[in-house]
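Here is the structure we will look at, set down as structure tokens.
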Amino acid sequence: MRYLILGVTQARDETGAPLPIGGARLRALLVALALRAGGPAAASVPDLVDEVWGDDPPRDAPAALQALVARLRRALGARDSIQADPVGGYRLAVADRDDVDLHRFTRLARTGARELAAGDPAAATTLRTALDLWRGPALADLPEPARTAHAAAAEAHRATALRDRIEAELRGGAADPAALLHEIDILIRQHPYDEPLRAQQLRALRAAGRPADALDAYDRTRRALAEGLGTDPGPELAALHAELLRPPPPRAPEGNLRPRLTSFVGREPELGSLRADLPRHRLITLTGPGGSGKTRLAEHAAAAHPEPAWLVELARLDHPDAVPDAVLSALGLRETVLVAREKAVPEDPTALLLEHCAHRAPTLLVLDNCEHVIGAAAELAERLLTHCPGIRILATSREPLGVPGESVRPVEPLPPAPAHRLFADRGAAARPGFASADDPDAVAEICARLDGLPLAIELAAARLRLLTPRQIADRLDDRFRLLTSGSRTVLPRQQTLRAVVDWSWELLDAPERTVLRRLSVFAGGCDLAAAEAVCADATDATGATGALDVADTLGSLVDKSLVLADPTPTGMRYRMLETIHEYAADRAAADPRDRAGTVRRHTAHYLAFAEEAEPLLRSAAQLPWISRVETEYDNLRAALETATGTAPAGPGDAPDPAPTPDPETAQRLAFALGWFWWLRNYRLQGAEWTARVLAVTPEDPPEGSPAYWRFMRLQVLHVFLLAEGRSMEEFRTPEYVELAARIRQAFRHSGPQSARFPGMLWPMTGFLTGDAVDLHVHLDEAVENCRRHAEDWELGVALMLRAHVAIDLTGGLPAVEADLAELHEIAHRVGDRWTRAQVASATGEFALSRGQYDAARAEYEECLRLAHEIGAHVEAPFALVRIAEAALCAGDFDTADRVLAEAEREADRLGGVFDVRAYGRLVAALIALFRGDLDRSRTACDLARAEAALVTVPPQLTAGIANVDAVLTAREQGPAAGLALVGPALDAAVTARCAERIVATLAETAAGLLAAAGRPADSVRAFTAATAWRAGYPRSVPERTVLRDLPDRNRAALGPDRYTEAEAAGAKLTPADVVRLVNGS
């Protein structure tokens, strides 16, 4: 979530979409909370009342505030978006202070100030980014007097940041210094006697080429200071005045750079780099795709260069031989030669050019748009640089010139902030009154989808005469038809987006066009091996491949700025800007046969890749392979779309024919990706994909056939992935119960099929559907089957499931130790970090059950370390909650609190993980209960129950929540009300065969409530039975504290003889007996 309070208050979700925050007081509350978000102290109730209601608070202000907080929580979509603080007050939950625009502005402004002081050229960009966060007056929705009190510091910081940014731009040689004058004038009106501001004004006027205006401004400043303060200008202003009075040195001809009719936006880092590079390099080539702003950047860099600059426009040339003549004309040498040689036109314009430039004063030539005459431009550049030491060349081209000594500078797309500014500037010109702040999300989407290409953004902004930003954004799927309203005075190839890309296309040879078309099949880019496998000609009937040299052709496309090459740790990765990608896809659609072959090769390549990766994702070599699969995930999804026949329609006017599904390929892809989906928390996505694969898989294939086993394995995988995001009730429908029975019937005695992933997970289907009576028996069968037919990893998973279940089952603990010892050996042999993490988790759970809290914490910390290492992020919050539980059991509440807060942040970042959230809330409820904070415990308990209802949770978690609920209810309504809850909870735990530790805890709670209800004998019986079930395993530190006085109280109530008699009776009771005792039956 992001919270915007620099202007009208807004809350935006993780997608950037605004949430409706209706009502002035609701917005005021959000502002007051956001002001303190991420800070050391919560917002106190009195402060919030003062700031929300001002001088007119309601009668019962705390209750009104509580109701308003509840409304705001609903508006933000989550109860935990606003947290009640233990010491009173409320906190707005943020992952980072930067989630509030005011705090982000403050950080960036301070960073920019430090950069400015250090002379870092990045200062201007940092400060501009900070100032761009302001959309209006700070804290606009906070009532007075609170707004003025809180906003004063922010507004002052804003003014300082503006001054710092102006200073940074002046120091960096602002591309358009005149544009700074309006901002400086506003600041001077606010601070008329501020000499540093007046000095900035003089420097900006001088940099804009207006020395006379600068002298006038100095005179006005002198008079203002004399009349207002009775002083003269200080040393800085006096020095500037002296500089302005000195006559400028004589200058050589200024060159032929023409003034532009539109402002130049952004590119501060590039201008800074060119300013540093031009004195050191004699040939710099700006490369980039059409419309990336190479010409404007070159012109501005040349204008700031001390040597006269001459622009040579090559775009209109239709023959390479005309390049030298174009340079002659641009330099004004053609007319000079005709007079000097009595109008005898020389035969060799290159020789004439060299003759006149050989002894010329230092000159900067801007050779613009070289790509279509690249050879001639390169040859002339080399000769000029070789024979004319005063010549320096700044070229623009869609590919490098390839001349020795050339320094190539790619012109990247505009970053978001300057791209948004460009759209706003051009939009205001097209539609007076337009402000991008009216729909910032649409503007951001437009700029992002147009790859930050300046020409495309300008063409989109021109459409504001007809469409809103949202309408433009919604029509960008057909961007080439939409963006056709360029200036009539530019070349035809710059008037529409298609014409810009057409120009590049026409300069390609046939192999380059073929490879570019075929590259459009990739989603998210590709490496060289994939490009060669997919873009080469298909193998012919003789087995020979086509003659395309994909690597060489790909290099040529990179040189021509149509393909981007990004270095990665595993080699270069190739991708296209979205605009180029769409154009290439358009061209590919024009040849359906070639496109179909390319799609087939793409699917085959990524199927092979996925099947190669699948076993390695479970091995010691998994880390680089996880990274590779993540990198290729978009391509793998595209392959799944192809195989399931769900690929979106291709570009063009005519829709593609409905794709034909390939069930076997779809199934193989699902099996190859199944474990990756689970490991990397793509579980719901994986469930959606397996549903699509099942939809194209024939139902009821012959039993025992390969098709049958593929179908049944898919069913197991689908249920396995669905389990993460559904409640147990959703799995207890007749359809799922029948499916679980079918899966058990198929896999229980099948041998090898039951020893492969996901088949070996078959016992867990009964747990999901509530038929867990024979779960431990089925897990024993699965383990033995894996011993006979499986590899180590599969056996490890089966053993792990059995160990986790046994720890939580009645009578299971003694058998766990042997399984854990074997699991440690398997984990060492396999090397899979996930297996090692799960073994550590199970060992920690075992230690926790035995009261070895330090050992448990160490194991959970190892589980957490391995989960982070492998990127199994969904395991991290669970491990953190278990660490917190170990700290709680040891009596270290402060550590438990701190770790729980970290677990909650992790869970918030991941989303979902409702089972972990529920468990964390239960631990939080226990901490609050043991501290005596009943309100906080009740809140956490209710949240735990709500979270648990959203997914499938184990019965021990349900029992734990019920136990806390019973204690709290007894405190609220008396012991009888608590007993009415703990009895059924104990009965359910016994029925579910929960571990002795869980059942004993419920019985001990019952014992305390029985004593409070005046039934001391029953209390002794329940307490003694619970102690016997623990079989020597200790109670936690808080449990010992709570129950410490219970035996003495019961002994005092009963007397020694009756106490001993009740104790002897209790030692014989079973859990079912205690259920009857508690229920009074």
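FYI, it's all coordinate maths here, none of it is from the lab. On a predicted model such as this, the values are computed, not experimentally measured, just so you know. Every residue, glycine among them, receives a Cβ derived from its backbone with ideal geometry; neighbour counts consider all protein chains shown.
For the chain, with equal point scatterers placed on the C-alpha atoms only and solvent neglected, what are the log10 I(q)/I(0) values from the Debye formula at q = 0.07 1/Å, to two decimals?
-0.86
How many angstrom lie between the Cα centre of segment 181-219 and the Cα centre of segment 1026-1081?
If you average the Cα positions of each part, the centres end up 87 Å apart.
Give me the angle, in degrees from 0 to 90, between the Cα long axis of helix 853-870 and the longest principal axis of the Cα atoms of the chain, rounded to the nearest 10.
The angle comes out at about 30 degrees.
Can you give me the angle between helix 792-807 and the longest principal axis of the chain, using Cα atoms only, in degrees from 0 to 90, rounded to the nearest 10?
Helix 792-807 and the main axis of the chain meet at about 50 degrees.
Report, in degrees rounded to the nearest 10, the 0 to 90 angle that the Cα long axis of helix 1056-1066 makes with the longest principal axis of the chain.
70
Only Cα pairs under 8 Å and at least 6 apart count here; give the relative contact order of segment 508-677 as a rounded whole percent. Please list the in-between numbers first.
On the way: 195 pairs, mean separation 38.6, N = 170.
Result for segment 508-677 is 23 percent.
Taking H placed 1.01 Å from N in the peptide plane, check which residues at least 5 places from residue 994 or on another chain put their amide H under 5 Å from its amide H.
Answer set, sorted by chain and number: 810.
Sort by residue number and report every cysteine in the chain with no other cysteine beta carbon within a distance under 4.7 Å.
370, 447, 526, 535, 786, 863, 889, 941, 994
Arranged by the count of other C-beta atoms within 10 angstrom, fewest first, what order do 15, 262, 1001, 363 take? Please report the intermediate quantities before stating the final value.
Numbers: 15 6, 262 12, 1001 24, 363 20.
Ranked by crowding around the Cβ, least crowded first: 15, 262, 363, 1001.
Please give the charge dipole size of the chain, origin at the Cα centre, charges +1 on K and R Cβ atoms and -1 on D and E Cβ atoms. Round to the nearest 20 debye.
Values: 122 positive and 151 negative charges, 348 e Å.
Dipole magnitude for the chain comes out near 1680 debye.
Answer rounded, prolate or oblate for segment 154-216, using the Cα gyration tensor with square roots of eigenvalues a ≥ b ≥ c: rounded when a/c is under 1.5, else prolate when a/b is larger than b/c, else oblate. Before the final figure, lay out the partial values.
Details: a/c = 2.28, a/b = 1.37, b/c = 1.66.
Oblate, because a/c is 1.5 or more while a/b does not exceed b/c.
For an R0 of 25 angstrom, estimate the FRET efficiency from the Cβ-Cβ distance between residue 63 and residue 8 and round to the nearest 0.05.
Numbers: r = 28 Å, r/R0 = 1.14.
Computed FRET efficiency for residue 63 and residue 8 comes out at 0.30.
With θ set to phi - 60°, apply the Karplus curve 6.51 cos²θ - 1.76 cosθ + 1.60 along segment 455-471 and write out the HN-Hα couplings as whole Hz, x wherever there is a Gly or Pro.
4, 5, 5, 5, 5, 5, 5, 4, 6, 5, 5, 10, 10, 7, x, 5, 5
Would you please give the FRET efficiency between residue 552 and residue 591, computed as 1/(1 + (r/R0)^6) with r the Cβ-Cβ distance and R0 = 25 Å, to the nearest 0.05? Please list the in-between numbers first.
Numbers: r = 22 Å, r/R0 = 0.88.
Calculated transfer efficiency: 0.70.
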